[in-house]
Amino acid sequence: MALAANAGWRWWHNRPPFRPGALALESSLELVGYTESREALGQPVYYAPSLEPKVRMVLGRVSWRPPPGPFDGSLMVVLIDKRFNRLPTSIEVRKNWQKLRDRPDPAFIGSSGSLSKVAQRYPWLRGIGDHKAADNEPPSGYSVIWAVDQKASPLTFVANFPSSTQMHSLHEIVVEPVAISDLLLAVVCIGPDGQIFWAHRLHG
């Protein structure tokens, strides 16, 4: 009896409170220059997009409508360069809300043990599992976005994918700047206790 009750609780605990379709998710991605990225992010910009000529900036927007019922979890927004399964080397989110002293930001850049679990469950998101960028680039383990409040929608962000030089066999090759067709954009629904409810591909 106890085993059956425990199994029933686990089923209920890990059951998605809603499916992706309930949020009417919409998104867009475009390549922008430094000026456009600053305008999109607004002020203040704590981590300004790089001015290096080899860095191509990706402006992304994700929006959703409120969940059909109470939800204490979060939505994780992931952007991956499919060529190398790498995260951006840096990413910044627009602060399009009024921050209150007694209330955390509706969205922030962060990392969690859930990333590896998501990568294991969804092989097409394996780029977030190792928490690192391409060779010779700094770690990008904090380059995923966590939206913990409906006020984060619409979510606007700018991500950087610098080109780099890598070894292929015995020859060096130059990795070309990222193109929109190289990108995978997804939203992952995470429960309040780290449950992975679902992952939904928006682009790529």
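The values are calculated or read from the model by the stated rules, or taken from the named source; none is laboratory data. No experiment lies behind these values; they were computed from the predicted model shown. As a convention, Cβ positions derive from the backbone with ideal geometry for all residues, glycine included, and neighbour counts pool all protein chains shown. To get the accessible areas, we keep the full protein, side chains included, count just its heavy atoms, and leave off ligands, DNA and RNA. Shrake-Rupley method; radii C 1.70, N 1.55, O 1.52, S 1.80 Å.
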Task: Point-to-point label distance, Trp198-Asp72, nm (Cα→Cβ direction, 7 Å offset) - done: 2.2 nm
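If packing is taken as the average count of other Cβ atoms within 10 Å, what order do 105-116, 75-86, 31-42, 15-26 fall into, highest mean first? The partial results should precede the final answer.
On the way: 105-116: 16.9, 75-86: 21.6, 31-42: 15.2, 15-26: 13.7.
The densest-packed peptide leads the list: 75-86, 105-116, 31-42, 15-26.
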Task: Net +/- balance of residues flanking Val93 in space, Cβ distance below 12 Å, scoring K and R +1, D and E -1 - done: +1
TODO: Would you kindly find the accessible area of Ser90, with a 1.4 Å probe and non-protein molecules such as ligands, DNA and RNA excluded, rounding to the nearest 10 Å²?
DONE: 50 Å²
Open item on the list: Could you work out how much longer the chain between Ala22 and Trp124 gets when fully extended? Use 0.36 nm per residue separation minus the Cα distance between them, nm to one decimal.
Closed with: 34.5 nm
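Just subtract the alpha-carbon distance of Asp149 and Tyr34 from 0.36 nm times their residue separation and send over the number in nm, one decimal. Please report the intermediate quantities before stating the final value.
Working: separation 115, 0.36 × 115 = 41.40 nm, distance 2.84 nm.
Taking Asp149 through Tyr34 to full extension adds about 38.6 nm, to one decimal.
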